[in-house]
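Chemist: Pasting a structure here, questions to come.
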Amino acid sequence: MKRLKIYNRADLLSLVRLREGERKFAEEVGVIEKLEDIKNHKAPYVLFGVKEDVGVLANYGKKGTADAWEACLKALMNMQANTLTKPESILVLGDLDFSKEMRTAALLDPDGDSFEETIGKLVEQIDLELSQLVRFIVSSGKIPVVIGGGHNNALGILKGTSDALGGPINVVNMDAHSDFRPLTHRHSGNAFSYAMERGYLHKYAIFGIHKSYTSQEVYNRMEQFKNRVGFYFFEDVVIRENPPFHQAVKVAKQFIRDVKFGLEIDMDAIEGFPASAATPTGFSMTQARQFARFFSSNPTPSYIHICEAIPDRSEFNTVGKALASLVLDITA
């Protein structure tokens with residue numbers, strides 16, 4: 001795991017301004033010296049970041065997802081540590097830094113004949129590194145919480161989780177898109193297609209998919225797996241309220257709760273949120289938090305993945321607070 005940087009307490013404290021009479025998350029969350037220490041740590045959740053936007057670029061999308069982890073971590077470490085926020089439930093591991101792959105990707109010509117093949121191989125390298133770390137965390141009896149990067153990273157996370165648990169798992173994904181596109185080169189739009197093809201994914205529930213963002217080819221593909229793919233249209237859940245949000249989440253949970261499952265939140269499902277494929281119409285941030293809370297217990301997911309956020313300079317703090325709030329909703 002050559003891309004892994006493990007954080008120490010000083011790394012976290014450097015992100016906060018301490019005040020007398022207050023305790024911040026940076027002072028109370030767990031830290032370790034070496035990866036093997038995860039096994040004996042009391043915290044159930046292992047939080048780490050993925051610093052990459054190669055998968056988004058491979059999908060001809062907007063770069064910037066590599067910065068989401070930094071925004072989230074800073075906001076989270078500045079939150080108040082108290083009996084309600086439960087910082088002791090989180091072990092902050094560190095980050096996987098794919099700056100080398102990002103530099104290589106930046107030199108590629110998107111119009112070149114070899115672009116897709118070359119950048120797809122870079123994404124596959126990220127898949128491998130991520131799957132190894134997730135497998136170790138899950139095998140240690142912990143729940144990985146993965147922040148940042150593109151939705152391409154779902155494949156590596158699913159492989160690592162599946163390998164650790166000894167079989168395919170289910171997924172529920174709040175997303176405006178299916179990310180169930182054809183098995184071409186690896187990119188942020190086909191992680192779940194590959195995961196199902198390779199036997200890591202059993203059932204896949206897509207919550208909030210937009211009718212107008214989904215090609216007929218993808219609809220046809222989902223029809224091929226109609227007993228294993230359930231989709232709940234944003235237009236039905238929010239615009240028509242048939243079924244309404246509070247009922248739709250229950251239906252989705254029933255679909256995926258027969259075996260272990262992973263929880264995915266793509267920030268491009270949220271209205272007006274700075275993301276790689278931002279949408280002017282989508283779920284509210286409050287609904288996303290309700291979704292995260294609802295699927296984080298009874299049963300507990302085997303992993304959590306929050307991706308596709310792009311915190312530009314003007315909205316860095318706001319994006320960070322939103323991501324940190326989702327982490328808190330899941331872990332507290």
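Chemist: List the number of the failed condition for LEU323; all other conditions in (1) in contact with an Asp or Glu (Cβ under 9 Å, 6 or more places away or on another chain); (2) more than 12 Å from GLU264 (Cβ to Cβ); (3) touching a residue at least 60 places away in the same chain (Cβ under 8 Å); (4) not β-branched (Val, Ile, Thr) hold.
Modeler: Failed condition: (1).
Chemist: Run SER296 past the list (1) more than 14 Å from the chain's Cα centre (by Cα); (2) of a type in the set (S, T, N, Q); (3) within 15 Å of GLU264 (Cα to Cα) and report the number of the one that doesn't hold.
Modeler: (1)
Chemist: For the condition modelled with pLDDT under 95 and buried (at least 19 other Cβ atoms within 10 Å of the Cβ), what is the one hit in ALA309, ALA277?
Modeler: ALA277
Chemist: From the residues in the stretch 130-177 that are of a type in the set (Gly, Ala, Ser) and within 19 Å of ILE270 (Cα to Cα), which one is surrounded by the fewest Cβ atoms within 10 Å (Cβ to Cβ)?
Modeler: Of everything passing the filter in the stretch 130-177, ALA176 is surrounded by the fewest Cβ atoms within 10 Å (Cβ to Cβ).
Chemist: Condition first: under 30 Å from SER140 (Cα atoms), of a type in the set (Asp, Glu) and not in a strand (DSSP E or B). Now tell me which residues in the stretch 85-115 satisfy that.
Modeler: Result: GLU88, GLU101.
One line per residue, one yes/no per condition, for (1) more than 25 Å from VAL138 (Cα to Cα); (2) part of a loop (DSSP other than H, G, I, E, B):
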site	(1), (2)
ASP268	yes, no
ALA292	no, no
ASN298	no, yes
ILE306	no, no
SER314	yes, no
ASN317	yes, no
ALA322	yes, no
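Chemist: If you don't mind, another one. Cβ-Cβ distance below 6 Å, separation of 6 or more or different chains: which pairs start in the stretch 277-295 with a residue that is closer than 21 Å to THR65 by Cβ and end on one that is surrounded by fewer than 19 Cβ atoms within 10 Å (Cβ to Cβ)?
Modeler: From residues that are closer than 21 Å to THR65 by Cβ, the pairs are GLY282/GLU271; ARG289/ASP329; ALA292/ASP329.
Chemist: Here's another thing I want to ask about it. Would you pick out the residues in the stretch 201-214 that are in contact (Cβ under 8 Å) with a residue 12 or more places away in the chain and surrounded by fewer than 12 Cβ atoms within 10 Å (Cβ to Cβ)?
Modeler: Answer for the stretch 201-214, where residues must be in contact (Cβ under 8 Å) with a residue 12 or more places away in the chain and surrounded by fewer than 12 Cβ atoms within 10 Å (Cβ to Cβ): just LYS211.
Chemist: Hey, another quick one. Considering only residues that are touching a Ser or Thr at 6+ places or on another chain (Cβ under 9 Å) and polar (S, T, N, Q), look in the stretch 86-113 and name the one that is surrounded by the fewest Cβ atoms within 10 Å (Cβ to Cβ).
Modeler: The selected residue is THR104.
Chemist: For the stretch 223-240, which positions are closer than 21 Å to PHE295 by Cβ and either aliphatic (A, V, I, L, M) or buried (at least 18 other Cβ atoms within 10 Å of the Cβ) (or both)?
Modeler: Once the filter is applied, which keeps residues that are closer than 21 Å to PHE295 by Cβ and either aliphatic (A, V, I, L, M) or buried (at least 18 other Cβ atoms within 10 Å of the Cβ) (or both), the stretch 223-240 yields VAL229, GLY230, PHE231, TYR232, PHE233, PHE234, VAL237, VAL238.
Chemist: Sticking with this one: If you go through the stretch 299-318, how many residues are without any contact (Cβ under 8 Å) to a residue 24 or more places away in the chain and among the charged types (D, E, K, R)?
Modeler: Total satisfying the criteria: 1.
Chemist: Taking the criterion of being in contact with a strand residue (DSSP E or B) (Cβ under 8 Å, 6 or more places away or on another chain), outside any helix (DSSP H, G or I), at positive phi and modelled with pLDDT of 95 or more, would at least one residue in the stretch 146-162 satisfy it?
Modeler: Yes: the stretch 146-162 contains one or more residues that are in contact with a strand residue (DSSP E or B) (Cβ under 8 Å, 6 or more places away or on another chain), outside any helix (DSSP H, G or I), at positive phi and modelled with pLDDT of 95 or more.
Chemist: Give the number of residues within the stretch 289-330 that are polar (S, T, N, Q) and more than 18 Å from PRO144 (Cα to Cα).
Modeler: Summing the residues that are polar (S, T, N, Q) and more than 18 Å from PRO144 (Cα to Cα) in the stretch 289-330 gives 4.
Chemist: Now for a different question. Could you say whether any residue in the stretch 242-256 is surrounded by fewer than 22 Cβ atoms within 10 Å (Cβ to Cβ), without any contact (Cβ under 8 Å) to a residue 24 or more places away in the chain and of a type in the set (D, E, K, R)?
Modeler: Scanning the stretch 242-256 turns up at least one residue that is surrounded by fewer than 22 Cβ atoms within 10 Å (Cβ to Cβ), without any contact (Cβ under 8 Å) to a residue 24 or more places away in the chain and of a type in the set (D, E, K, R).
Chemist: Ok, one more. When both residues are 6+ apart or on different chains and their Cβ atoms are under 6 Å apart, which pairs have a first residue that lies in the stretch 230-241 and is free of Cβ contacts under 8 Å to residues at least 40 places away in the same chain and closer than 9 Å to GLY208 by Cβ, and a second that is surrounded by 18 or more Cβ atoms within 10 Å (Cβ to Cβ) and of a type in the set (Ser, Thr, Tyr)?
Modeler: none
The values are calculated or read from the model by the stated rules, or taken from the named source; none is laboratory data. It should be emphasised that the depicted structure is a prediction, and the values quoted were computed from it without experimental measurement. Glycine gets a Cβ as well: all are built from the backbone with ideal geometry, and neighbour counts include every protein chain shown.
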